[in-house]
1. Criterion first (part of a loop (DSSP other than H, G, I, E, B) and buried (at least 17 other Cβ atoms within 10 Å of the Cβ)) does Ile30 satisfy it?
2. When residues of the stretch 33-55 are filtered for being part of a loop (DSSP other than H, G, I, E, B) and either surrounded by 19 or more Cβ atoms within 10 Å (Cβ to Cβ) or of a type in the set (Phe, Trp, Tyr) (or both), how many remain?
3. Hey, could you check the stretch 114-166 for residues that are of a type in the set (S, T, N, Q) and assigned to a helix (DSSP H, G or I) and say which is modelled with the highest pLDDT?
4. Among the residues of the stretch 87-113, which ones are at pLDDT 95 or above, surrounded by fewer than 15 Cβ atoms within 10 Å (Cβ to Cβ) and touching a Gly at 6+ places or on another chain (Cβ under 9 Å)?
5. Output the residues belonging to the stretch 59-86 that are in contact with a Ser or Thr (Cβ under 8 Å, 6 or more places away or on another chain) and buried (at least 17 other Cβ atoms within 10 Å of the Cβ).
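The values are calculated or read from the model by the stated rules, or taken from the named source; none is laboratory data. The structure presented is a predicted model; accordingly, all values stated were derived computationally and were not measured. Cβ placement follows ideal geometry from the backbone for every residue including glycine, while neighbour counts extend to all protein chains displayed.
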Amino acid sequence: MADAMNELRQSLQAAPVIWKGDYPYFIHPITDGVPRMNPDVLSAITELVVDRVDWSKVDLLLGIEAMGLPLTAPLSMATGIPLVIARKRAYGLQGEIEIDQSTGYSKGEMYLNNIQEGERIAILDDVLSTGGTLEAVIEGVRRANAEVTNVVAVVEKGDGLVRLQAKYPDIKIQSLVRLKMDGDQVVLLGED
C-alpha cells in the first residue's frame, strides 16, 4: 500500500498548475480528466480505496459526474459492488431524485437514479474542497431512504472534510491525500 500512496502523491506533486484569475489551480487526470491518466495512478487509487472500506457493509458504489466515472469503474470491478453515477442530466426515470449542487465552484442540479430504499452506499469523489457537492449527494441519498456509510475523496483541500465529519458523525468520511496550494506549488500535507 505504501507503493500505491507514493504513486498517487508523486503524480499530484508533478501536476501542472494554471492560474484562474488570482487562484492557482492544479490540473490532474483524476480531478480534471487531463492530462492523460496513467493507469498506475488509477490502480493505486483503487488499491488505496479498497483497503479503507469494509465492503461487506456496502451494497452500492456511488460516483459523481464527471470524474466519478473513471474512478468508480475499476473500484466496482475490484470489489464486485455495483455502481451508479450522480449525473448532471435528468433522465426522468421512476424514483429519480433531483439535488441542488451549488458549491463555491459551480451551480446546478444533479440527479440520482436507481438507489433502492435501505441500500448502504459508499461514495467515491475526486476532490473534496468545500463539501457542498458531497453534502447535497448525501442528502439526496437520504431522500431515497438509503444510507451513506462511507465517503472517500481522493484529494482533500480546504475545510470541507472536517465540516462534513462534524455534520455527519455516523458516516466514515476520509481522504487519500491532503494538499494545499502555495502560489504555483502543490504542497502535500501529512499522510493519513
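1. So Ile30 does not fit the description; no.
2. The qualifying residues number 1.
3. Filtering the stretch 114-166 for residues that are of a type in the set (S, T, N, Q) and assigned to a helix (DSSP H, G or I), the one modelled with the highest pLDDT comes out as Gln165.
4. Glu98
5. Leu61, Leu62, Gly63, Ile64, Met67, Pro74, Leu75, Leu83, Ile85 - these are the residues of the stretch 59-86 that are in contact with a Ser or Thr (Cβ under 8 Å, 6 or more places away or on another chain) and buried (at least 17 other Cβ atoms within 10 Å of the Cβ).
Residue-by-condition table, conditions (1) among the acidic types (Asp, Glu); (2) more than 19 Å from Val152 (Cβ to Cβ); (3) touching an Asp or Glu at 6+ places or on another chain (Cβ under 8 Å); (4) free of Cβ contacts under 8 Å to residues at least 24 places away in the same chain:
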residue	(1), (2), (3), (4)
Gly21	no, yes, no, yes
Thr31	no, no, yes, no
Pro35	no, yes, no, yes
Val49	no, no, no, no
